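Undergrad: Can you keep this structure in mind? I'll have questions shortly.
Values quoted throughout were computed directly from the atomic coordinates according to the rules given, and no laboratory measurement underlies them. Since this is a predicted model, take the numbers as computed values, not measurements. So basically every Cβ, Gly included, is an ideal-geometry build from the backbone, and we count neighbours across all protein chains shown.
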Amino acid sequence: MRREGDMIHTAIGAILCWFARSLDDATPEVLLHSFFRRRLADCLATDLSSRQGAGRGGSVQHVLWETTVAAVGAGLLDKLPADCPSRFESATDLLHDARDWAERLPDSKVVIRGAIMPGTGRYLDALSADALDSSEFVKGAFESLLRHVEIRRRRSLNLDQHDTGYDISGHVDRWIERHCVAVALSRYATRTGDVRFLNASLKLNDWAFPSHRKIAVSPRLVHFLRSIAEQERAARTLLWEMEVKRCCA
């Protein structure tokens, strides 16, 4: 009899392969996982305490902590590394900032003129994680993001500069915003059980992979690794829920 862990691993591979058939240039799972483990080790071995993520992506140390936790949940790591950083940010403070951000959105839209508003990924994720803020606005915003990615594909997730006073200059800022959106989509897929949002996240990460294969340790790399870990954890969680429903049917 096959071990439960082997069965889960095989099933996860199957569901990811099923999603991958809808992608233009899907990254092989073995290559993606090897890249993730190798580059995560590089990041953990580097002192990132003085580096801050550009834009509204959050502190690099906190993002690295979230990455390792998600990696364990996804089965990419057996346990948290001894050199794993601690959690640095307050969920309460982030939620307060997210509510303020949502109130200042033009016409309550996250996609305007074919571009996303800065902070969309991070703040929309915070709002969707809070039961009191899982409103029609949140649902509509995620559906808008989904349509945006499906229609504009590789040209999606450019930033709208309506938010004056926010410096979005530089390529790194834009990449980090994109990775935050991919993370939000994966987490929302888990919260709602809707695989469409995971599929969108998989697409975004596949399109980003060629631009990140050889970059140095940086906030941008850490954010990309978190996005990979979150998509893998979401796939594992959704598959488990599917299996439970099938067994209980």
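Undergrad: Given H placed on each backbone N at 1.01 Å, which residues far from I112 in sequence or on other chains put an amide H within less than 5 Å of it?
TA: M117
Undergrad: Set the bar at 30 Å for Cα to Cα. Now go through K139/K203; K109/K203; K139/K214; K79/K214; K109/K214 and name every pair that lies beyond it.
TA: Beyond 30 Å between Cα atoms: K139/K214; K109/K214.
Undergrad: How would D78, D206, D42 line up from fewest to most surrounding beta-carbon atoms within 10 angstrom? Could the numbers behind the result be given before it?
TA: Values: D78 8, D206 19, D42 13.
Fewest to most other Cβ atoms nearby, the residues stand as D78, D42, D206.
Undergrad: List C248, C84 from most exposed to least, where exposure is judged by having the fewest other Cβ atoms within 10 Å.
TA: C248, C84
Undergrad: For the range 209-241 and the range 28-47, what is the separation of their C-alpha centers, rounded to whole Å?
TA: A separation of 9 Å, based on Cα centres.
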